[in-house]
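Written below as structure tokens is the structure these notes are about.
The values are calculated or read from the model by the stated rules, or taken from the named source; none is laboratory data. Remember, it's a predicted structure, so these values are computed and weren't measured experimentally. FYI the Cβ positions are ideal-geometry reconstructions off the backbone, even for glycines, and counts take in every protein chain you see. For the accessible areas, the whole protein counts, side chains as well, though only heavy atoms, and no ligand, DNA or RNA atoms are used. Shrake-Rupley method; radii C 1.70, N 1.55, O 1.52, S 1.80 Å.
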Protein chains: 2
Amino acid sequence: MNGEFVNNSNCSTVFEYIDKHKAEHLEKLKEIIRIPSIAAENPDGVRRCAEYLENQFRLLGCREASIYKTKGQPVVYAHYDAGAKNTLAVYLMYDVKQVSGERWTLIKDPFSPEVVQMSPFGGVLVGRGTTNSKGPLMAFLNALFSIKASGLEIPVNLKFIAEGEEELGSTHLIDFIRENLDKLKDVDAVFSPSGSQSIKGDVTLTLGCKGVTEFELVCSGKNWRRGPVERAIHSSMNAIVESPVWRLVQALASMTDPDDPSRVLIKGFYDNVAPPTKEDLLLIEELAKVYDEEAVKKANGLEHFYNDLHGKELLMKAFYTTTLNIQGLYAGYTGPLFKTVLPEMAVAKLESRLIPNQTMTETMEKVRKHLDEHGYPDIEIREYPEENGVDDWSRTDPKSGIVKITIDTYREAGFEPQVWPYMLGSAPRYMFTKPPLSLPFIGAGLGHGARAHAPDEYYVIDGNDKVKGLVDSEKFYVKLMLNYSDGALN
Amino acid sequence: MNGEFVNNSNCSTVFEYIDKHKAEHLEKLKEIIRIPSIAAENPDGVRRCAEYLENQFRLLGCREASIYKTKGQPVVYAHYDAGAKNTLAVYLMYDVKQVSGERWTLIKDPFSPEVVQMSPFGGVLVGRGTTNSKGPLMAFLNALFSIKASGLEIPVNLKFIAEGEEELGSTHLIDFIRENLDKLKDVDAVFSPSGSQSIKGDVTLTLGCKGVTEFELVCSGKNWRRGPVERAIHSSMNAIVESPVWRLVQALASMTDPDDPSRVLIKGFYDNVAPPTKEDLLLIEELAKVYDEEAVKKANGLEHFYNDLHGKELLMKAFYTTTLNIQGLYAGYTGPLFKTVLPEMAVAKLESRLIPNQTMTETMEKVRKHLDEHGYPDIEIREYPEENGVDDWSRTDPKSGIVKITIDTYREAGFEPQVWPYMLGSAPRYMFTKPPLSLPFIGAGLGHGARAHAPDEYYVIDGNDKVKGLVDSEKFYVKLMLNYSDGALN
């Protein structure tokens, strides 16, 4: 019964189907959001959500749909063979962040999602995972089901990879990919459904991300063999006993410029940054025209950017600066008032965002060398790759087929996307974009949601003239799949 | 009926009474320890303990015994008029530290004290406040009651000042003293009963203490008007947003020598330390002969003192170095693994131990000036004098009568005390030793206890050949009062 799906009349059949089934489609968003798949806390919820997805892939008509165990949470893999020319891997995450400690005000239970009216939209669906990322995920699946329910064939072959521990750093996804490279060898590009609109309706397309290496510097009496070696002691002893806390402070201070601590003094720290390509410079030129600096300041509660940079200079700094951020710092007594204690250790949690072509290994070696050369061989560097995973940088060539087609599809829908050479943050894309797969990866879609990892997380169901709601977002996915069916994606 | 109390035969009458009433005296220790007078948590327990003490003072025959309200916990004041020549103020504390979070192993309930066998002693009384300080307090009161019960008069006039918030920094005791100076104008010296023996039986007599000023340095985007001003933001923004944490690290680092962070570079930080007196130098000379460096290292879990100093040099450093200790440090995310956050503030809890004749005011001015001159005028200094009180340094002249008599009494009992010009820590003595009272203050007594502020706190009931138990400790107080009755105490 499934017919070809290549012209607008077919498209309108699917669109009519979507219009008619808005209520059922919304119900499917609620269905998956009700499953408390908190990767950090609820393995049973994660398992149930994996089974739910596996079943959805079967219902869609996937040739294979299976749950793959990893050392962490399972990956749901499914293969939809449409007999089409192009094959798209679809990256999904089905886990969500914890809710403990959060004060939700719009609904009672983050796992009992409800539609609530919210200006400047109409109804928005409120609940944990609505925007990150079960809303876009289910909108995309709704679009695929709608194509089939309209008697048509999905225009591309799909290989779904749904992970259950994105919120834990995607630690074990890489294992699944390494072990199943043969399944992915015919893939042309990787696509991730996403509500890519801002609250104002602007569309962003990012072509990669920075890498990030996170590590603790631990200065302890135990390792130093000076100061309090076994445990914290009474601070009156400080007259004759040295302090590991002061030692860490001085070690940290040696790493940055006292007059501008954003400038890292570790030898070679800024080396191996690939210069921007001609295409990147053009993208940045365009971006500088539309990048809303005041809005970014407002959203982040800022009064000044670094050195009061703006325009193209600000963006160049944003994209091409390796950072050394202190995520956290602790030592000794941190409660109210004071406690007369000389602590036995101090810890700094550091993070460096890496730019292509820097490697985590070289950065960590430079940090180690700096500590050694500055007289701090005892200061320990602790990484936790087993629990924390690795987020390497990722680049998708602006000239890839999927990028061009996606931009064109946005334009067809009336949107001029802001194209970022990469985002400032990090994401588990490198495993697709780096060898051996070396695939282009993009996240795309209309629609908007916000407050990820925060109370009253929402996803827009009824949009306005700029921000698209559920129905239009599903239609856009249909259009996108149709456009992906022809031409080269990679 | 009360007779004179001047010769050894009378003393033996009292000693016999003490020998016979050991069980009842132990019961009185348990009685007061059962009252959970936790200053930080249990105002009702504190009130009950104040009432208990007030009643004890009445039973002893005090002319006045009253509970005085303060802005914090009450002070119990009592006046025992023996018609004697000398008048001793007796400083007591009746509050105790919290027990929450502590794992007691020798008894179940820290407020249901029990006698437990403990090597190298016999029985020790285990419970919160046993050594700090209800054990010595009640041993002293037992001694006084025993004198009276033997038909004798206490040989000195006593003015009891018992505070209920020593564990909160004695914040309001100074108010009581300022408001009741007339009550104290005929006092010759201040005495505080104390188990002054170490676990080996060595006796220590300290003639004062260091001052301490505690303060927080707070570096915030809010005050700096740079970096994240309102709240922590995503760390990917660090490429274009400055960090208050790095700023605090650099500000702190500027205060000490990178090559020796125990050396403070704040201008004038070591000024106004009074040179050691001839008497102090003699005391230190003597102390260096008996100060057990290895035992101190072992007790504190140390392998090295500062610069591997020892002997007289170590003690000189201990007594005459103004410290700048980091009690605690915190910023951003301090939980397990990592969180990609750029914190909006960082806090260091600092403490400086002051040597006579330094003042807190001058130290805080020097810190402020240092921050200002180094470009950190936005870094806030937070003190909490209302909640945290003030512990100024204190000195008692080694030539004071009470010091000499106490040393002689120790010698009579077969102990050569280690006399410290002052302790390295701080205590609320300055309100007695500085003008307008300008009184000598000593803590003295035989006996031993340990694990103050820690689980399984104990006080020795049955001693060994070196460490005195409850009975001998009470007898020593009797002897001490007798010796205080004659000669000048101040």
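Is it the case that some residue within the range B:288-301 is closer than 17 Å to A:LEU329 by Cβ, open to solvent by 30 Å² or more (accessible area, probe 1.4 Å) and either within 12 Å of chain A (Cβ to nearest Cβ) or of a type outside the set (Asp, Glu) (or both)? No, every residue in the range B:288-301 fails to be closer than 17 Å to A:LEU329 by Cβ, open to solvent by 30 Å² or more (accessible area, probe 1.4 Å) and either within 12 Å of chain A (Cβ to nearest Cβ) or of a type outside the set (Asp, Glu) (or both).
Listed here are the residues, each with its yes/no results for (1) at pLDDT 95 or above; (2) closer than 28 Å to B:LYS97 by Cβ; (3) surrounded by 24 or more Cβ atoms within 10 Å (Cβ to Cβ).
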{"site": "B:TYR384", "(1), (2), (3)": "no, yes, no"}
{"site": "B:SER394", "(1), (2), (3)": "yes, yes, yes"}
{"site": "B:LEU437", "(1), (2), (3)": "yes, yes, no"}
{"site": "B:ASP472", "(1), (2), (3)": "yes, yes, no"}
{"site": "B:LEU480", "(1), (2), (3)": "yes, yes, yes"}
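Of all residues in the range B:243-292, those satisfying the criterion of being outside any helix (DSSP H, G or I), of a type in the set (Phe, Trp, Tyr) and touching a Ser or Thr at 6+ places or on another chain (Cβ under 7 Å) are B:PHE269, B:TYR270.
Evaluated against (1) over 25 Å from B:THR321 (Cβ atoms); (2) open to solvent by 30 Å² or more (accessible area, probe 1.4 Å), B:GLY401 falls short on exactly one condition, (2). Screening A:SER12 on (1) of a type outside the set (D, E, K, R); (2) modelled with pLDDT of 95 or more; (3) at negative phi shows it passes everything except condition (2). For the range A:413-420, the criterion of being away from chain B (no Cβ under 13 Å), more than 27 Å from A:ILE355 (Cβ to Cβ) and among the aliphatic types (A, V, I, L, M) is satisfied by at least one residue.
This table checks each residue for (1) β-branched (Val, Ile, Thr); (2) at the interface with another protein chain (Cβ under 8 Å from one of its Cβ atoms); (3) under 20 Å from the mean Cα position of the chain (by Cα).
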{"residue": "A:ILE326", "(1), (2), (3)": "yes, yes, no"}
{"residue": "A:LEU329", "(1), (2), (3)": "no, yes, no"}
{"residue": "A:LEU337", "(1), (2), (3)": "no, yes, no"}
{"residue": "A:PRO343", "(1), (2), (3)": "no, yes, no"}
{"residue": "A:ALA346", "(1), (2), (3)": "no, yes, no"}
{"residue": "A:LYS349", "(1), (2), (3)": "no, yes, no"}
{"residue": "A:ARG353", "(1), (2), (3)": "no, yes, yes"}
{"residue": "A:MET364", "(1), (2), (3)": "no, no, no"}
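Do the conditions hold for A:ARG368, that is, is it in contact (Cβ under 8 Å) with a residue 12 or more places away in the chain and open to solvent by 50 Å² or more (accessible area, probe 1.4 Å)? In short, yes.
Conditions (1) closer than 18 Å to A:LEU92 by Cα; (2) among the hydroxyl-bearing types (Ser, Thr, Tyr), marked per residue:
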site: A:SER146; (1), (2): no, yes
site: A:GLU153; (1), (2): no, no
site: A:LYS159; (1), (2): yes, no
site: A:GLU163; (1), (2): yes, no
site: A:LEU168; (1), (2): yes, no
site: A:HIS172; (1), (2): yes, no
site: A:ILE177; (1), (2): yes, no
site: A:ASP182; (1), (2): no, no
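For the range A:243-253, the count of residues that are aromatic (Phe, Trp, Tyr) and within 7 Å of another protein chain (Cβ to nearest Cβ) is at least one. Summed over the range B:176-195, the residues that are open to solvent by less than 20 Å² (accessible area, probe 1.4 Å) and part of a loop (DSSP other than H, G, I, E, B) give a count of 2. Here A:THR359 meets each of (1) hydroxyl-bearing (Ser, Thr, Tyr); (2) within 7 Å of chain B (Cβ to nearest Cβ); (3) open to solvent by 20 Å² or more (accessible area, probe 1.4 Å) with one exception, condition (2). Examine the range B:257-278 for a residue that is facing chain A (nearest Cβ under 10 Å), closer than 29 Å to B:TYR384 by Cβ, crowded, with 20+ Cβ neighbours inside 10 Å and modelled with pLDDT under 95, and state whether such a residue exists. Scanning the range B:257-278 turns up no residue that is facing chain A (nearest Cβ under 10 Å), closer than 29 Å to B:TYR384 by Cβ, crowded, with 20+ Cβ neighbours inside 10 Å and modelled with pLDDT under 95.
Hey, does the range A:246-265 have a residue that's in contact (Cβ under 8 Å) with a residue 24 or more places away in the chain, small (Gly, Ala, Ser) and under 30 Å from A:LYS339 (Cα atoms)? Yes: the range A:246-265 contains one or more residues that are in contact (Cβ under 8 Å) with a residue 24 or more places away in the chain, small (Gly, Ala, Ser) and under 30 Å from A:LYS339 (Cα atoms). Which members of the range B:196-242 meet the condition of being at pLDDT 95 or above, in a loop (DSSP other than H, G, I, E, B), open to solvent by 10 Å² or more (accessible area, probe 1.4 Å) and within 8 Å of chain A (Cβ to nearest Cβ)? Listed by number, the residues that qualify are B:ARG225, B:ARG226, B:VAL229, B:GLU242. Answer yes or no as to whether A:TYR430 is in contact (Cβ under 8 Å) with a residue 12 or more places away in the chain, under 19 Å from the mean Cα position of the chain (by Cα) and open to solvent by less than 20 Å² (accessible area, probe 1.4 Å). Considered against the rule, which asks whether it is in contact (Cβ under 8 Å) with a residue 12 or more places away in the chain, under 19 Å from the mean Cα position of the chain (by Cα) and open to solvent by less than 20 Å² (accessible area, probe 1.4 Å), A:TYR430 comes out as no.
Yes or no, residue by residue, for (1) crowded, with 24+ Cβ neighbours inside 10 Å; (2) of a type outside the set (Lys, Arg); (3) over 14 Å from the mean Cα position of the chain (by Cα):
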position	(1), (2), (3)
B:PRO136	yes, yes, no
B:LEU141	yes, yes, yes
B:SER146	yes, yes, yes
B:ALA149	no, yes, yes
B:ILE154	yes, yes, yes
B:ASN157	no, yes, yes
B:PHE160	yes, yes, yes
B:ILE174	no, yes, yes
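Inclusion of B:GLY414 among residues that are farther than 30 Å from B:ASP182 by Cβ and open to solvent by 20 Å² or more (accessible area, probe 1.4 Å) is warranted. Can you find, within the range B:324-342, the residue that is surrounded by the most Cβ atoms within 10 Å (Cβ to Cβ) among those that are closer than 18 Å to B:PRO261 by Cβ and without any contact (Cβ under 8 Å) to a residue 40 or more places away in the chain? This residue is B:LEU329.
Residues in the range A:43-86 that are farther than 17 Å from A:ASP175 by Cβ, surrounded by fewer than 18 Cβ atoms within 10 Å (Cβ to Cβ) and of a type outside the set (Asp, Glu): A:PRO43, A:ARG47, A:ARG48, A:TYR52, A:ASN55, A:ARG58, A:LEU59, A:GLY61, A:ARG63, A:HIS79, A:GLY83, A:LYS85.
Only one of the numbered conditions (1) open to solvent by 60 Å² or more (accessible area, probe 1.4 Å); (2) of a type in the set (S, T, N, Q); (3) touching a residue at least 24 places away in the same chain (Cβ under 8 Å) is not met by A:ASN388, and that is (1). Please give the number of the condition A:ALA239 fails out of (1) within 20 Å of the chain's Cα centre (by Cα); (2) without any contact (Cβ under 8 Å) to a residue 40 or more places away in the chain. It is condition (1) that A:ALA239 fails.
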